[in-house]
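Chemist: Below you will find the structure I want to go over with you.
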Amino acid sequence: MSDTLRVAMIGAGFMGAAHSQSWRVAPRFFDLPVKPTMQVLAGRDLAAVEQAAEKWGWAEASADWREVIARDDIDLVDIVTPGDTHAEIAIAALEAGKHVLCEKPLSNTVAEAEAMAEAANAAAERGVISMVGLTYRRVPAVTFARDLVAAGRIGVVRQVRAAYRQDWLRDETGPMTWRLEKHRAGSGALGDIGAHAIDLAEFITGLRLERVSGILETIVTERPLLGERVGLSGTATDRLGTVTVDDVALVTGRFASQDGFAPIGTFEATRFATGRKNALTIEVSGSRGALAFDLERLNELEVYSAADPDLEQGFRRVLVTEPGHPYLAPWWPPGHGLGYEHGFSHQVVELVTAIAAGTAPSPSFADGLHLQRVLDAVERSSEHEAVWTPVG
């Protein structure tokens, strides 16, 4: 293959900024087998896209993603648009022979995710690679936790507790956004942030959820529309829009049985946890120890070992900044922490390396489909008063 990987990104919002940073920085710190080049940024508003392209470092701007995908000088398409467009863009890109990185959740529905996974399988037979952007897997402390569990350091997994808590919707006068509309976002707190908590639980333990019981709640059902929706200024108006997604999700789940025991997990996703800004936490309890992680202290992992002397037992903080920890060797000296954006760079490293080697990266579109089936099972469970519901 060529020594460069020409990238087009579809979408120019918040996640576009994060992905742009990763495409720009990763090849400058990691010795990648091919060099990504930031070729085209595409979005709906050409003037806004041109401004973003110049700011973030893209060579060109476009308002037509279909034209971008059809170009011969594009090798990979990075999709960071709202969920209602993922399936159409990803399938078109795969059929055009482009590698694809698609933000999570993979789609808004199981049917769309199935179609995307099918297209990814067909494309893989032609050497085309696809991956889902579940970026928190790439936080060094999270990957290190996965490695410790896989090495048997905490014994048999017995229980998982995971939560993702934010408070950006606590003000009920805050305006409507696309994230509050089911036809665009698919779901609310469940898919937006709960998907991360569920995925980290499965990633760290190596286990998959088989059935779930869940409750979804919409706390604020109407919010002011922004002016541009009613032809006025860009501020909130007196006209109200209907919130059609959940604000809070509470879930209990059973993982696949291991040696006759099926570990249980509890999950919370909320955008109404007053005072919590980006609190993604997970604790995994095992027969010989436990691990705990908090995204708001993302360079740390708490480790407990039942093998310690009785008078010395307790969680101890491990600062995950050593060169031997996952992803950290190319970065800074020990003790110099990384930030939110670095996980996106590690995602680029994994994807580019897989493309150059012709191997399937993780998480795959099949993994994204499984996660979509978990989210769907939670929604179906909530519709029937939290009845236990099988995944898939």
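The values are calculated or read from the model by the stated rules, or taken from the named source; none is laboratory data. No experiment lies behind these values; they were computed from the predicted model shown. Glycine also receives a Cβ, built like all others from the backbone with ideal geometry; neighbour counts cover every protein chain displayed. Keep in mind that these areas ignore ligands, DNA and RNA; they rest on the heavy atoms of the full protein, side chains included. Shrake-Rupley method; radii C 1.70, N 1.55, O 1.52, S 1.80 Å.
Chemist: If you go through segment 104-117 one residue at a time, do you hit one that is closer than 18 Å to Gly11 by Cβ and touching a Phe, Trp or Tyr at 6+ places or on another chain (Cβ under 7 Å)?
Modeler: Within segment 104-117, one or more residues are closer than 18 Å to Gly11 by Cβ and touching a Phe, Trp or Tyr at 6+ places or on another chain (Cβ under 7 Å).
Chemist: Look at segment 303-328 and say how many of its residues are open to solvent by 70 Å² or more (accessible area, probe 1.4 Å) and under 26 Å from the mean Cα position of the chain (by Cα).
Modeler: Result for segment 303-328: 4.
Chemist: Next question, about the same structure. For segment 139-146, does any single residue satisfy the condition of being among the charged types (D, E, K, R), out of contact with any strand residue (DSSP E or B) (no Cβ under 7 Å at 6 or more places or on another chain) and closer than 20 Å to Arg66 by Cα?
Modeler: No: zero hits.
Chemist: Next up: Do you know which residues across segment 146-172 are aliphatic (A, V, I, L, M), more than 28 Å from Glu112 (Cα to Cα) and not in a loop (DSSP other than H, G, I, E, B)?
Modeler: Leu148, Val149, Ala150, Val157, Val160
Chemist: Looking at the structure I just gave you, is Glu172 in contact (Cβ under 8 Å) with a residue 24 or more places away in the chain and not aliphatic (A, V, I, L, M)?
Modeler: Yes: the conditions hold for Glu172.
Chemist: Filter segment 156-165 down to the residues that are open to solvent by 20 Å² or more (accessible area, probe 1.4 Å) and of a type outside the set (Val, Ile, Thr), then identify the one that is farthest from Asp247 (Cα to Cα).
Modeler: Arg158
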